[in-house]
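Below is one structure, written out as structure tokens, with a few remarks after it.
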Amino acid sequence: MVAPEDGSGRTDVLSYLRVDRFPHLWCPGCGHGIVLGALVRAIMRLELDPRRVVVVSGIGCAARAAGYLNFDGVHTTHGRAIAFASGIKLARPELEVIVITGDGDLAAIGGNHFVHACRRNMGITVVCFNNSIYGMTSGQYSPMTPYHAMATTAPYGHIERPFDLCALAAGCGATYVARGAAYFPARLADYIAGGLRHKGFAFIEAVTQCPTYFGRRNKMPRGVDLLRWQKERAVPVERAARMTPEELEGKFTVGVFRDAEELEYTEEYDRIIALAGYREGGESGCPAPGR
Ligand SMILES: Cc1ncc(C[n+]2csc(CCOP(=O)(O)OP(=O)(O)O)c2C)c(N)n1
């Protein structure tokens, strides 16, 4: 295992975190810390060199996770993490670029960046902390708020249907797609590790809980109530294949939905640079910046 560069020589989860930034901003019962723990365990298991890991996030409670990780990182603007991450990956394809995002950050303001990133197959790993709500701004509905759920901006029940984020990602061409939940942290770490190992664009949805702004309005005021909700509704994708749509009503599937090998974007881009003669020593003699 590669020890992080914090001088402590420690190799546990905490040694990958900036504990000097604690106490963290998450509420009691919030699931974001569980998802962050799963991400760190996946990084540890793959023995990624911390000096080659870059974490990029947008804005929101989930996005604040990037600041607690002891890697180089960028805390960017709302919905734009994937755009910044794409720039970093294009400039330094050898880096492991990880995006941490909330469901609002990713699927609402960042939705357009998300669908096009899926289509491009650039080798970045996006982990969406899906707590069904805008947590940081006190509970407005997001594109992932369940049909008929209550939210600050839906006091009589929400009348829009949520996305199936994994189906959206797969439909847009993402080559690795998985969903886990905070209730099953070990499996969630497996799915994230699968995404980090994957060469192209990897998307992992982590269903997590916000007792403060989602749970309290929806008769599940404690973190444990929402964890029970996850436990009772999660159906492994293999079992779901044998179930009827009626049996799957109100449930969500967990597992790996897609794991396909296709040409990765920065490799294709290198080929284009070579073709255009911009590579150092190439036809034009003009070195490509940063490559
Ligand atoms: C351009 C812009 N619009 C709106 C906001 C306000 N804002 C900050 S975080 C956020 C939503 C965060 O929700 P989500 O991404 O689901 O993450 P969570 O806080 O639930 O983890 C919003 C709307 C902002 N910071 N910038």
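The values are calculated or read from the model by the stated rules, or taken from the named source; none is laboratory data. None of the values given here were measured: they were computed from a predicted structure. With ideal geometry, Cβ positions are generated from the backbone for all residues, glycine too; neighbour counts draw on all protein chains shown. Surface accessibility is based on the protein's heavy atoms, side chains included, excluding ligands, DNA and RNA. Shrake-Rupley method; radii C 1.70, N 1.55, O 1.52, S 1.80 Å.
Details
- When the criteria are applied in full, Arg18 fails the requirement of being within 16 Å of the ligand (Cβ to nearest atom), touching a strand residue (DSSP E or B) at 6+ places or on another chain (Cβ under 9 Å) and of a type in the set (D, E, K, R).
- In the range 77-94, the residues that are out of contact with any Ser or Thr (no Cβ under 6 Å at 6 or more places or on another chain) and either modelled with pLDDT under 95 or within 11 Å of the ligand (Cβ to nearest atom) (or both): Thr77, His78, Gly79, Arg80
- Sole residue being within 12 Å of the ligand (Cβ to nearest atom) and either at pLDDT below 95 or among the hydrophobic types (A, V, I, L, M, F, W, C) (or both), chosen from Ile124, Ile159, Ile133: Ile133
- Thr212 meets each of the listed conditions (1) more than 16 Å from Gly135 (Cβ to Cβ); (2) of a type in the set (Val, Ile, Thr); (3) assigned to a helix (DSSP H, G or I) apart from (1).
- Residue within the range 95-102 that is closer than 23 Å to Arg161 by Cα, modelled with pLDDT of 95 or more, within 14 Å of the ligand (Cβ to nearest atom) and not assigned by TED's automatic domain parsing to the domain that holds Arg271 present: yes
One line per residue, one yes/no per condition, for (1) crowded, with 24+ Cβ neighbours inside 10 Å; (2) more than 16 Å from Phe252 (Cβ to Cβ):
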residue	(1), (2)
Glu160	no, yes
Gln209	yes, no
Pro221	no, yes
Gln230	no, no
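- Cβ pairs under 9 Å, 6+ apart, first in the range 59-71 and in contact (Cβ under 8 Å) with a residue 60 or more places away in the chain and open to solvent by 20 Å² or more (accessible area, probe 1.4 Å), second among the hydroxyl-bearing types (Ser, Thr, Tyr) and in a helix (DSSP H, G or I): Asn70/Ser15; Asn70/Tyr16
- Considering the range 81-136, and only residues there that are of a type in the set (Val, Ile, Thr) and not in a strand (DSSP E or B), the residue that is most open to solvent (accessible area, probe 1.4 Å) turns out to be Ile109.
- Selection count where residues are under 14 Å from the mean Cα position of the chain (by Cα) and closer than 17 Å to Ala181 by Cα, scope the range 32-60: 10
- Unique match (being within 19 Å of Ile192 (Cβ to Cβ) and charged (D, E, K, R)) among Arg64, Arg92, Arg161, Arg120: Arg64
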